[in-house]
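Heads up, the thing below is written out as structure tokens.
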Amino acid sequence: MSSLVRILLAIFLPPIAVLVTNGIGLQFLLNIVLTLMFGLPGMIHALWLMNRDRPLI
């Protein structure tokens, strides 16, 4: 899946982006809670999970 599609998923459907990236697990459940309670933290969490293993440069 292209990174643009994953970024768009993380913005509009954060739990789906985490599910595609990490599968069902603690991060997925945490993202659902963050998205349902606050919205924006769910987006930030999904974007962070997708980009945490990438080098900075």
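Quick one: plug the Kirkwood hydrodynamic radius of the chain (C-alpha pairs) into Stokes-Einstein at 4 °C, 1.567 mPa s, and report D in µm²/s.
Once the numbers are plugged in, D ends up at 118 µm²/s.
Which length gain, in nm to one decimal place, applies between Ser3 and Leu26 when the Cα-Cα distance is subtracted from 0.36 nm times their residue separation?
Gain on extension, Ser3 to Leu26, equals 6.0 nm.
Relative to the longest principal axis of the chain, what angle (0 to 90°, nearest 10) does the C-alpha long axis of helix 3-12 take?
20 degrees
Assuming 0.36 nm per residue, please report the length gained on full extension of the stretch Trp48 to Val33 beyond their Cα-Cα distance.
3.8 nm
Readers should treat all values here as calculations from the given coordinates under stated rules, not as data from a laboratory. Not measured: the values here are computed from a predicted model.
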